[in-house]
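Participant: Please find one structure pasted underneath; my questions will follow.
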Amino acid sequence: MGEWTPVEPFGWWRSGLLGLVAAAPVVWAVVGLIGELDADLGGLVVFAVYGPCVVAGAALLGAALMVGVTLERRAERWRLAWMIAAPPLVWLVLAVGAEQGGPMMPVGELRVGWSLVVVLMYAGTGVAFGLGAPRPVRVAAAVLVVAAAPLMIAYDDAAQPRWRRDSYAAAPHVLPEIPGYRPVAARGDGRVLTVSLDGPVALSVTVTRCAPCAVSAQAGRYGVTVVDGTYELAIVPQIGAGSTWTAPAGIRLRPAGVGELAALPLAPSHPYAD
């Protein structure tokens, strides 16, 4: 009979690498679904419909990795059992993060940030549960696991002013002036500016460049379109069916800086327009 060779313990650095593999389906879900959060019912669909599917798939992958790696190390299996419990906990962290995030949602930065949160949480947990990790390494891993999501939420909050200003880069730098009304919210969507105004009735105004274009004013089915030769204003009153609204005289646009636009609260992203 050959001499028995003991199985090498599954070290902490290998456990951390295994955590990166287990994180893959969650990162894939973050990258693919985070853009849906800003859509109508997006958060509900992402977390209540897609979320359980992603959690189940990630937990199954974790169970397969746990069993496959510990076939010859059954005594160490409990050290990898965290890969089954991690997906629902990370799902909860992501749901809280989405709830705590600000109104502006630049998909690119959020994809990178929350993917990094998932990676750090999985890898850090793997290191913390691995064998032979020095105490400073375990402490550092635990800090990463606990602090990753709060740091991303803090970054989201701190970046809101910059994201707001960036959203107006290509939009018209103007504000509508309508007698009896005042702007209370705005949003820049590419080359389109949307402004909400408060007054006798709530108004939603969409401003787009149209130069050169003929000066005109035309009543539509749901509101009024005003063209001043440079911009087209689609003015939609938020009134009930069967009600009427008459546009006051003297509607015009005035220049507005990016700072002034960004200082206004965020207007709805999908106003109803003619």
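The values are calculated or read from the model by the stated rules, or taken from the named source; none is laboratory data. This one's a predicted model, so the numbers in the text were calculated from it and none came from an experiment. For neighbour counting, all protein chains shown are included, and Cβ atoms are generated from backbone atoms with ideal geometry for every residue, glycine included. Keep in mind that these areas ignore ligands, DNA and RNA; they rest on the heavy atoms of the full protein, side chains included. Shrake-Rupley method; radii C 1.70, N 1.55, O 1.52, S 1.80 Å.
Participant: If you take the residues in the range 225-250 that are among the hydrophobic types (A, V, I, L, M, F, W, C) and loosely packed, with under 12 Cβ neighbours inside 10 Å, which one is modelled with the lowest pLDDT?
Facilitator: At the first step, the residues of the range 225-250 found to be among the hydrophobic types (A, V, I, L, M, F, W, C) are 226-227, 233-236, 239, 241, 245, 247, 249.
Still in the running and loosely packed, with under 12 Cβ neighbours inside 10 Å: 241, 249.
On the way: A241: 70, A249: 87.
In this case the residue turns out to be A241.
Participant: Just to be sure I understand, how many residues within the range 204-250 are within 36 Å of the chain's Cα centre (by Cα), of a type outside the set (D, E) and closer than 23 Å to A170 by Cα?
Facilitator: Qualifying residue count for the region: 17.
Participant: Moving on. Would you check if E177 is in contact with a Lys or Arg (Cβ under 7 Å, 6 or more places away or on another chain) and open to solvent by 40 Å² or more (accessible area, probe 1.4 Å)? Reasoning before the result, please.
Facilitator: Details: in contact with a Lys or Arg (Cβ under 7 Å, 6 or more places away or on another chain): yes; open to solvent by 40 Å² or more (accessible area, probe 1.4 Å): yes.
Judged against the criteria, E177 is a match.
Participant: Further question on the same structure: Got a number for residues in the range 19-65 being closer than 12 Å to L94 by Cα and not β-branched (V, I, T)?
Facilitator: Adding up the residues that qualify gives 6.
Participant: Output the residues belonging to the range 184-202 that are open to solvent by less than 10 Å² (accessible area, probe 1.4 Å), over 21 Å from the mean Cα position of the chain (by Cα) and of a type in the set (V, I, T).
Facilitator: Across the range 184-202, the qualifying residue is only V195.
Participant: Something else now. Looking for whichever is open to solvent by less than 40 Å² (accessible area, probe 1.4 Å) and over 24 Å from the mean Cα position of the chain (by Cα) here; the options are G68, G16. Which one fits?
Facilitator: Details: G68 fails: open to solvent by less than 40 Å² (accessible area, probe 1.4 Å).
Testing whether each residue is open to solvent by less than 40 Å² (accessible area, probe 1.4 Å) and over 24 Å from the mean Cα position of the chain (by Cα) leaves just G16.
Participant: Looking only at the range 148-190, count every residue that is aliphatic (A, V, I, L, M) and either assigned to a loop (DSSP other than H, G, I, E, B) or touching a Cys at 6+ places or on another chain (Cβ under 9 Å) (or both) and tell me the total. Please lay out each step first, then the result.
Facilitator: As a first pass, look at the range 148-190 and keep what is aliphatic (A, V, I, L, M): 148-149, 151-154, 158-159, 169-171, 174-175, 178, 184-186.
From what's left, either assigned to a loop (DSSP other than H, G, I, E, B) or touching a Cys at 6+ places or on another chain (Cβ under 9 Å) (or both): 169-171, 178.
Here the count works out to 4.
Participant: Continuing with this model, one more query. If I ask for residues that are surrounded by 15 or more Cβ atoms within 10 Å (Cβ to Cβ) and of a type in the set (A, V, I, L, M, F, W, C), which ones from the range 32-54 would you list?
Facilitator: Once the filter is applied, which keeps residues that are surrounded by 15 or more Cβ atoms within 10 Å (Cβ to Cβ) and of a type in the set (A, V, I, L, M, F, W, C), the range 32-54 yields L33, I34, L37, V45, V46, F47, V54.
Participant: Quick check on the range 154-169. Is at least one of its residues open to solvent by 40 Å² or more (accessible area, probe 1.4 Å) and over 30 Å from V96 (Cβ atoms)? Steps first, answer last, please.
Facilitator: Step one: filter the range 154-169 for residues open to solvent by 40 Å² or more (accessible area, probe 1.4 Å), giving 154-155, 157-158, 161-162, 165-166, 169.
So of that shortlist, the ones also over 30 Å from V96 (Cβ atoms) come out as 169.
Looking for residues that are open to solvent by 40 Å² or more (accessible area, probe 1.4 Å) and over 30 Å from V96 (Cβ atoms), one finds at least one in the range 154-169, hence yes.
Participant: Within the range 181-198, which residues are at pLDDT 95 or above and of a type in the set (G, A, S)?
Facilitator: Selection gives A185, A186, S196.
Participant: If I ask for residues that are open to solvent by 30 Å² or more (accessible area, probe 1.4 Å) and in a helix (DSSP H, G or I), which ones from the range 96-119 would you list? Please lay out each step first, then the result.
Facilitator: Here is the first cut: in the range 96-119, the residues open to solvent by 30 Å² or more (accessible area, probe 1.4 Å) are 96, 98-100, 103, 105-109, 111-112, 116, 119.
Within the range 96-119, V96, A98, E99, Q100, V107, G108, E109, R111, V112, L116, V119 meet the criteria.
Participant: Which numbered condition in (1) part of a loop (DSSP other than H, G, I, E, B); (2) among the aliphatic types (A, V, I, L, M); (3) open to solvent by less than 60 Å² (accessible area, probe 1.4 Å) is the only one that V127 fails?
Facilitator: (1)
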